[in-house]
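First comes the structure, then the notes that go with it.
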Amino acid sequence: MKDWKLMHNAYHAIDKFIVVNKRKPKPWDYDDTEKIMKLISELLKYEKKDEAVLRTIIHTYNGTFNPLASFIGGIVSQEAIKGITKKYTPINQIMYYHSLELAPATPDT
């Protein structure tokens, strides 16, 4: 399955979890992960090989990696300048960027 579809559905399920439970999933909490995996399975049929990616996204949802935050901040500021000056057209779509290789390995991944 395409990475963007997987990430889109993972974030959609996490948003549902937040609405229902009125809180974000706890980092590395296996109970929260299982609840969200159940929500994801209602949204789409994923392959077994994609399960590790989904679990990593859920486990690290609340984490911040400062160099990655700087990278995203640079993109956002560039797009804001484009929008303000109207010289170029800003990005007008959803953008997903993953750096799953930075997440630590776990027994379930």
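What follows is calculated from the coordinates using simple rules that are stated; it is not laboratory data. On a predicted model such as this, the values are computed, not experimentally measured, just so you know. Neighbour counts run over all protein chains shown; Cβ positions are idealised from the backbone, glycine included.
Data table
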quantity: Which labelled figure in (i) 16.9; (ii) 15.5; (iii) 14.5 is Kirkwood radius over Cα pairs in Å, once derived from the coordinates; calculated: (ii)
quantity: Candidates per GluC sites (Glu not before Pro) in the stretch 1-99, loop by DSSP, up to 14 other Cβ within 10 Å; calculated: E47
quantity: Total charge dipole magnitude, the chain, about the Cα centre, Cβ charges on Lys, Arg, Asp, Glu only, Debye to nearest 20; calculated: 460
quantity: Cα long-axis angle, helix 66-85 against the chain (0 to 90 degrees, to the nearest 10); calculated: 40
quantity: Sparse-neighbourhood loop sites, trypsin sites (Lys or Arg not before Pro) in the stretch 12-109 - DSSP loop, at most 10 other Cβ within 10 angstrom; calculated: K22, R23, K45, K86, K87
quantity: Crossing angle, helix 30-43 versus the chain [Cα axis fit, 0-90 degrees, rounded to tens]; calculated: 70
quantity: Qualifying chymotrypsin sites (Phe, Trp or Tyr not before Pro) in the stretch 53-109, DSSP loop, other Cβ atoms within 10 Å at most 15; calculated: F65, Y88, Y96, Y97
quantity: Links that overshoot a 20 Å alpha carbon limit, given the list K5/K45; K22/K48; K5/K87; K2/K22; calculated: K22/K48; K5/K87; K2/K22
quantity: Extension reserve of the F71-E34 stretch, reckoned as 0.36 nm per residue once the Cα distance is removed; calculated: 10.3 nm
quantity: √(5λ) per eigenvalue of the Cα gyration tensor, the stretch 66-109, largest first, Å; calculated: 31, 11, 5
quantity: Ellipticity estimate at 222 nm from DSSP helix runs (n ≥ 4, -39,500 (n - 2.57)) divided over the chain, nearest 500; calculated: -20000 deg cm²/dmol
